[in-house]
Every structure is written in C-alpha cells, then in structure tokens.
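Notes for the one structure printed next.
We did not get these values from a lab; they are worked out from the coordinates using the rules stated. Nothing here was measured: the structure is a model prediction, and the numbers come from that model. Methodologically, a virtual Cβ is constructed for each residue, glycine included, from the backbone with ideal geometry; neighbour enumeration extends over all protein chains shown.
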Amino acid sequence: MHVPTSASTSVFAALCPAATAQASPPVPYLHLALRPTPSQAHTRPYLRSKGHSGRGLSLSFTLPGDLRSAFIGRTAVAAALEAHGLTPYVWPVTHAVGELLAVTARMSPGKEIYVSLRHRDDAVRLLVWDQHPHHAEPDLAALCETRRRRALWLLAAVVDDWGGEWGACEANSPQCGTKSWVRLPR
C-alpha cells in the first residue's frame, strides 16, 4: 500500500489553502474498531424520549477532527432522532451531519469539532463548529470560503430539497472558528 509522503497529496489534506502547507495526517482513534464487542452488541445508548423530557431533543457532543468522525456523528444523531420520535428527519439530518463533519475535519484536521442538535418550533437545528480561524487576508479568506461551500454542494442540494436552509459564518467572540448550521422544518 502506498502512503503519500506530503500533506498536499494525501486524502487527508486540508481544504484550506493556508493549512495545506502545515497539514499532517490525523491522529488515529485510540480504539481499533468501531464495531461493538459481542457483550455490547445488544445494548442501546440511554436517550430519553421527548415524552419524558418535556423540552424536546437537545444533544451536544465533541468529536476529533478526523474524517472517521462523520460515521460517529451520523450514528449518534440517528439514535437521538429515533429516540425522540423524529424518524422522518433521520435521513436528511444524518446526511447533513456527515457532510458537515467530513468537510470541517478537512478544514481543521486534528482539531476538535463541536456538534449540537436541537428540535424546537417544529424544526430540527444542527450546528457544527470547527476551530478553523477566519483569515485576515481577503483573497485567502474568499478562497477558503469558496472551497468550503463547494465541498458542501451535496448538503446544499439535500437541504434545499427538504425546504430548509443552511450557512456558515465566523464564530462570535470569544470563540474562534467557523460555525456551520442547518435548519430543516417539519
């Protein structure tokens, strides 16, 4: 198996032109497999349904900036939506979180990514925050934003098909980075 020697030729290369020169392969997860052990195979995570909490779905978690985090994000979001009786949202939201996590992991390789999922006012809201900083140089900032939006073309198509909206913006101070969001109405 051939392993690329430079970050610019690696599939793990950063999307950001400024980060490409300093990108390194992501640190692998500490565990060897994503499959449950036989003793864990029949256990389900504890998630309270909407009927028990009274406040609706509210889920937040942090993942490593690794392409494999998309799988974990999709799995967690699908389980939460099903536990809260929001099964019609499973396909578009799991697709959205997978796309956002894959792109943000390439924008900020090796840095943590925060995910928030909420169901309020008859809509599902998804927020993915990465630590990719805003560029001071306007041309570099425009190129970086263009690369992010182009990488999310499939997300845009799914959200549009579901009558939702999405976007990305610089995080508010004191946080740094970029917040990407999706809103899907019922």
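Couple of notes before you dig in:
- Once the C-beta distance of residue 136 and residue 156 is scaled by a Förster radius of 35 Å, the resulting FRET efficiency is 0.80 to the nearest 0.05.
- Rounded FRET efficiency, nearest 0.05, which uses the C-beta distance separating residue 87 from residue 172 and R0 of 25 Å: 0.15
- Across region 176-183, coupling constants 3J(HN,Hα) worked out from phi with the 6.51/-1.76/1.60 Karplus curve, θ = phi - 60°, read 10, x, 10, 9, 10, 9, 9, 10 Hz, and Gly and Pro carry x.
- Modelled label positions at residue 186 and residue 146, each set 7 Å beyond Cα in the direction of Cβ, lie 4.2 nm from each other.
- P(r) tail fraction, region 46-164 - alpha-carbon pairs more than 22 Å apart, %: 37
- Peptide ranges 132-143, 90-101, 113-124 listed from the most packed, as the mean C-beta count within 10 angstrom indicates: 90-101, 113-124, 132-143
- Local net charge near residue 166, Cβ-Cβ under 9 Å (Lys/Arg +1, Asp/Glu -1): -1
- Cα convex hull of region 68-107, projected area averaged across orientations, nm²: 2.3
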